[in-house]
Structures are given as C-alpha cells and as structure tokens.
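**Q** Mind having a look at this structure? Questions to follow.
The values are calculated or read from the model by the stated rules, or taken from the named source; none is laboratory data. Quick caveat: nothing in here was measured; it's all calculated off a predicted structure. Each accessible area value is taken on the protein alone, full model and side chains, heavy atoms only, with ligands, DNA and RNA left out. Shrake-Rupley method; radii C 1.70, N 1.55, O 1.52, S 1.80 Å.
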Amino acid sequence: MDTWHDFISWVGSDAAHPTLFSAAVTAVSILVSVIVSGLIVRGAIRALINRRDRDAKTAAIAALVDASTEAAVWASLTPQEQVLADRAVGQADITLRLLPVYGSALAANWSAHQLAELKRNSSAFGFQLDPVVAEFRDRLIEWQNKPRRAKKVFEEDLLRWRTDVTESPRVSPASDAWVATPPVSEGAALGADTRTQQLIDDVAAIDPSARAAGADPERNTPHPL
C-alpha cells in the first residue's frame, strides 16, 4: 500500500509531468507506426494479389483469343490439333471462371458460346471469320479494361442467344457431326479405292471362278423372267 500511495503521490506531483508526457508521446508514436505499417503491408499484399489476378486474367484471355483463331479454321485442323486446342480452351475457361474478378463467369459463358459458333461455321466460311475473331478479341480486351461495362454487354448477348435458341426450331445433332469427324482428303479416298481394287485382284488370282466372273460380268447376272 505504501508503494501505491507513493506512486499516486508522484503522479500528481509536478516532477512527474515531463516523464508522463514523454511516455504518452512514445505510446502514441508506437501505435501510429503500427497502424501505418499495417496499412502499408495490407496495400502491398492487395497489390500483389491484384497483380497475380491480372496476370492470370491476361493469360486466360490470350489463350481464348488464340483458341478463336484455331476455331475459325477448325474444319481444316487434324484430330491431334483439335484435341490440343480443346485442352487449351478448357484450361483457360477454368482459370477464367475461378478468378475473383467481376463478371468472370459471364465472360467464360460468352467465350464458350462464341468459340462453339466459330467451330460450327468454320467448315462453311473458313478464313472469312477473321472479323468475328477480331470482334471476339476486342470484346475480351474491353472486359479486361472495363469489366462492369462489358458485363452488361455479355448479359445482353447471352439473353439474346438464349431467346434465339428457344424460338428457333430444334437443330438435329447430326448437323454438328463434322466437329467430331475430320474431313477426308481426296488422296486418302483414292488410296482406299486402290487398296480395295488390289484386294479384289488378289482374290480373283486365287479363285478361278472369281476371276472368270470378273472377266465376264454378264455371266453371273440373272436374266429377268
């Protein structure tokens, strides 16, 4: 108790005022420095996260734009090139959907629809789809620079496409069979015909009756009654 009373008496004395003032200034300085340091660290971490998201967003957009150039000539690609292109598009689509960016899911849905349309029209239009590819690129770049404005455009396009699909007649799945079946070149078809004819000649050389039938096609033709 004596110590506590002595401390209270010292605090109330004039000699303690400079010491108490210095201690208060030191405490306030430490508190302010801690708050400022926390804000600086928080800003640096946020800038690092934003930069990482921006880099991931840029990489995804670049992959989608590159995929659009391949989708424009999809009918002329080999099956191996189509598989590699689909894998690149799938990775870019997942990266885009997982980004904590405003409107990333809408941008992914819009891009998927546009790429599907490019693939579907590639067999008919081919390199005439260059303006569509350029518009696809510009829209994604606009979304990167102004996400809120581009989000509204994506919503309008998706709503219009959904309405068109609802009002238009149902398209047969066979119309998209070209996507899975690559075009057969004239040389491949000629090679298949040559191998078939060679097989017929080999059978005719082994079987005399078959050779005779091949020499005289009217011999085995039944006469009409």
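**Q** Share of segment 35-155's accessible area from carbon and sulfur, percent, 1.4 Å? Could the numbers behind the result be given before it?
**A** Working: 4270 of 7130 Å².
Carbon and sulfur: 60 percent of the exposed surface of segment 35-155.
**Q** Treating the Cα atoms of segment 56-157 as identical point scatterers in vacuum, please give the log10 of the normalised Debye intensity I(q)/I(0) at q = 0.10, 0.17, 0.23 Å⁻¹, two decimals.
**A** Result of the Debye calculation: -0.25, -0.71, -1.21.
**Q** Can you work out the Karplus-derived ³J(HN,Hα) for every residue in segment 90-101? Use 6.51 cos²θ - 1.76 cosθ + 1.60 with θ = phi - 60°, whole Hz, and x for glycine or proline.
**A** Running phi through 6.51 cos²θ - 1.76 cosθ + 1.60 with θ = phi - 60° gives x, 5, 5, 5, 5, 4, 5, 6, 7, 6, x, 10 Hz.
**Q** Here is a follow-up. Enter the accessible area per residue of segment 34-119 (Å², integer; probe 1.4 Å; all protein chains in place).
**A** Per-residue accessible area for segment 34-119 comes out at 57 Å².
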